[in-house]
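Remarks on the structure that follows.
We did not get these values from a lab; they are worked out from the coordinates using the rules stated. Every value quoted in this text rests on a predicted model; they were computed, and no experiment measured them. A quick note on method: Cβ atoms are made from the backbone with ideal geometry, for glycine too, and the neighbour counts reach across all protein chains shown.
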């Protein structure tokens, strides 16, 4: 790893610290969804609750605008209700939620979604997906699911998915470093490794996805209809990821290879769900081709914006200026300020080392760390 890549690795990690939701935000979201889950379980004996989507994968980010919020996605699985019709599945969960005056108010604010019940909170909105096992329930929540899709006011259809399988696949794409991060988190917080949720740690793959989602949000701030959906970015990034421990090298490799995992089947662009090949995450591209063009245009811009960072030798001010354009002024300014202060203090004291495992900064020398030498990358 060259020194410049190492410095970009460290700087981009500081930016991720600014754009991801904070531990206190996670705590609040976790407390809220556990409360909703308990209410549902108390009223529906065969219900079980689990997070899904970005919150479960540890790739959630803050919204660009202060007036927007982020998503908390939950699965409400009715373990013994395989014989229920789609509409019954949907409304069994909805009716139980509406028995709670507080949740009824939140549902009335958001309304019924095509697949979910939506509830608005101060900082986030919660989407609750009613579903049943596709065949049989397998403990602990490792079954494919049959969910409902609302076609019209009184017409509901079956759809199928496998959120648990997708999470396991996603974790397998970063298996070794995920284990390292979970071990460290468990030791720091004095808990068992198996009790550490994936969303509590930060791996290069998770951080790369967060940076790409932030870049997308900036690019499509005024064109949300054509914004590439998160599951497409997450799936392609995870498929392209090759175990890089350096965040900057990871994001460059991902951007260079994402496109290779977009298939064309019988003339249809296809981004397969890795645990359900018949599910096409890009199915809307056939109906709205402008979304396909928008994705490819965004991908080319992301390549230019991130990969050329390593070619910039004019110093930290120039690098920061480029990052502000693609990731937002406020988070980059905060990240650069904190980073520069840390770097300066440690370097002056001759105590700045880069971990050979993760590329992260440390002031303690170890067998796998190397001294960060004085250089001119930051114009000093």
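Remark: the residue 35-residue 179 segment gains 48.9 nm on full extension, using 0.36 nm per residue and subtracting the alpha carbon distance. Packing order of peptides 148-155, 31-38, highest average first: 31-38, 148-155 (average count of other Cβ atoms within 10 Å over each peptide's residues).
Once you sort the root eigenvalues of the Cα gyration tensor of segment 175-328 as a ≥ b ≥ c, which label holds: rounded (a/c under 1.5), prolate (a/b larger than b/c) or oblate (the other case)? In terms of gyration-tensor shape, oblate. List the pair-distance distribution P(r) of segment 23-164, using every Cα-Cα distance, as the percent of pairs falling in each 10 Å bin from 0 up to the bin containing the longest distance, rounded to whole percents. P(r) for segment 23-164, in whole percents per bin: 12, 44, 35, 9, 0.
Note: relative contact order over the chain, using C-alpha pairs below 8 Å and six or more positions apart, is 16 percent. Among 18-30, 86-98, sorting by the average number of other beta carbon atoms lying within 10 angstrom of each residue, highest first, gives 86-98, 18-30. Gap in Å between the Cα centre of segment 243-284 and the Cα centre of segment 105-164? Result: 25 Å between the Cα centres. Listed peptides 285-298, 235-248 appear in the order 235-248, 285-298 once ranked by packing, highest mean of other Cβ atoms within 10 Å at the front. The three principal axes of the C-alpha atoms in the chain carry coordinate ranges of 67, 51, 36 Å, sorted with the longest axis first.
Residues within the reach of a label modelled at residue 82 (point 7 angstrom out along Cα to beta-carbon, backbone nitrogen below 20 Å), restricted to segment 274-314, are 276. From the Cα gyration tensor of segment 150-251, with a ≥ b ≥ c the square roots of its eigenvalues, which class applies: rounded if a/c is under 1.5, or else prolate if a/b is larger than b/c, or else oblate? Cα axes put segment 150-251 in the oblate bin.
The relative contact order of segment 1-146 comes to 21 percent, based on Cα pairs under 8 Å that sit 6 or more residues apart. When the chain is treated as a GNM with alpha-carbon contacts under 10 Å, the residue of 187, 175, 118 showing the greatest mean-square fluctuation is 187. Given their separation in residues at 0.36 nm each and the Cα-Cα distance between them, residue 266 and residue 346 gain 23.1 nm when the chain is fully extended.
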